[in-house]
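I have placed the structure first, in the form of structure tokens, so that the comments after it can refer back to it.
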Amino acid sequence: MKFKRALLSLALIFSICFVGTSKSYAIFGIENKTTASLIGDANSGALFVAENIDEPLSIASISKLMTYYLVKEKIAEGKLKMEDKVKISINASREEGSSLNLKAGEQISIKDLLDGLMVVSGNDSAVALAETIAETESKFVTMMNEKAKELGLQNSTFTNASGLMKNGQDNKMSTRDVFLLSKAIIEKYPEVLEYAKSTVLEQPSRNFKKESTIPLVGQVEGVDGLKTGHTDEAGYCLVSTMKIKKGESEFRIISILMGAKTKADRAQYMKDMLNYA
């Protein structure tokens, strides 16, 4: 049995080595419809297909993956607890865009803020978490950039915790770096995949209810994450992850597309990529 699995692994490695990254896209021509695309193995890091994966691109709310990583790291270090309450600042409550509808002065748990960050992509949640970790968002940004270097992300620059365009600056990562960060999160904090189980985020005590922003869950078998992003500069971006079973073998892929023109295009292109995988 072990020998058979080893042969399957070798077959996978050879198939990856001989896949032409441009030819593989001829099936659906996605390289002409997005600014960058990637499909990779979440365990080995091997890439099946790749298109323009080393150019730094605007990433919008995909930025929140780094915010999530840093918060989870502080929890793992014992410096923060999920049940800890945070007092929301005026600054966090005024953050524009997608929102957990935070109000200045209200008390809310780290868990609820993380739910808001990952399920409904709350920009206000991102700022509140950043201020909790580092007192100010600007200090948190320094931590984001330091962590990027530590993780070997060579083409990543962060300017804020949420991914919004602010003062003419926005967060940028190469698609390869997005893959590496996503891979690191899934390996170190696999509970991140639990967020995909919530189609709606409800916080009754706050009278809050909003649909999840994580797409394709239930539409494509095996999809269980991970993060969307959209601004005018970034276009429509998406990181999806899916477990694939073939006979006795099982592996997880991470699929990323950047710069789709519309939300509908983003969903359809990702379906094409996942079906190809």
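Where the only charges are on Cβ atoms (+1 Lys, Arg; -1 Asp, Glu), what is the dipole of the chain about its Cα centre, to the nearest 20 debye?
In debye, rounded to 20, the chain gives about 540.
So, how do all the Cα-to-Cα distances of region 35-120 break down into 5 Å bins, in percent, from 0 on up?
Result returned by the calculation: 3, 11, 16, 19, 17, 12, 9, 9, 4, 0.
Using amide H atoms built in the peptide plane, which far-off residues or other-chain residues are under 5 Å from ALA36 H to H?
Hits under the 5 Å cutoff: MET258.
Over the chain, what relative contact order in percent results from Cα pairs under 8 Å that are six or more residues apart?
Here the relative contact order equals 22 percent.
Mind checking the dipole of region 99-245: about its Cα centre, +1 per Lys or Arg Cβ, -1 per Asp or Glu Cβ, Debye to the nearest 20?
260 debye
Would you work out which of LEU100, MET173, GLN203 lies farthest towards the positive end of the dipole of the chain? Charges go on Cβ: Lys and Arg +1, Asp and Glu -1.
Looking along the dipole axis, the top candidate is GLN203.
State the percentage of accessible surface on region 128-277 attributable to carbon and sulfur atoms; use a 1.4 Å probe and exclude ligands, DNA and RNA.
In region 128-277, the share of accessible area belonging to carbon and sulfur is 44 percent.
Rg/Rh for region 105-206 to two decimals, with Rh computed the Kirkwood way over all alpha-carbon pairs.
Expressed as Rg/Rh, it is 0.97.
Quick one: the Cα spread of region 48-189 along its three principal axes, in angstroms, biggest first?
Largest first, region 48-189 extends 45, 34, 25 Å along its Cα principal axes.
Could you give the alpha-carbon Rg of region 152-229 over 2.2 N^0.38 Å, rounded to two decimals?
Normalised by 2.2 N^0.38 Å, the Cα Rg of region 152-229 equals 1.32.
Please list the radius of gyration and Dmax for region 32-72, considering alpha-carbon atoms only, with Å as the unit.
12.6, 37
Going toward the positive end of the dipole of region 48-157, with +1 on Lys and Arg Cβ and -1 on Asp and Glu Cβ, which of ASN155, ALA134, VAL120 do you reach last?
Going by the charge dipole, the pick is ALA134.
Straight-line reach from LYS85: which aspartates and glutamates fall under 16 Å, measuring Cα to Cα and dropping same-chain residues less than 8 apart?
Cα-Cα hits under 16 Å: GLU106, ASP112, ASP115, ASP124, GLU131, GLU135.
The values are calculated or read from the model by the stated rules, or taken from the named source; none is laboratory data. Predicted, not measured: the structure shown is a model, and the values here were computed from it. Note that we place each Cβ from the backbone using ideal geometry, even for glycine, and neighbour counts take in every protein chain shown. Only protein heavy atoms, including side chains, enter the accessible area calculation; ligands, DNA and RNA are left aside. Shrake-Rupley method; radii C 1.70, N 1.55, O 1.52, S 1.80 Å.
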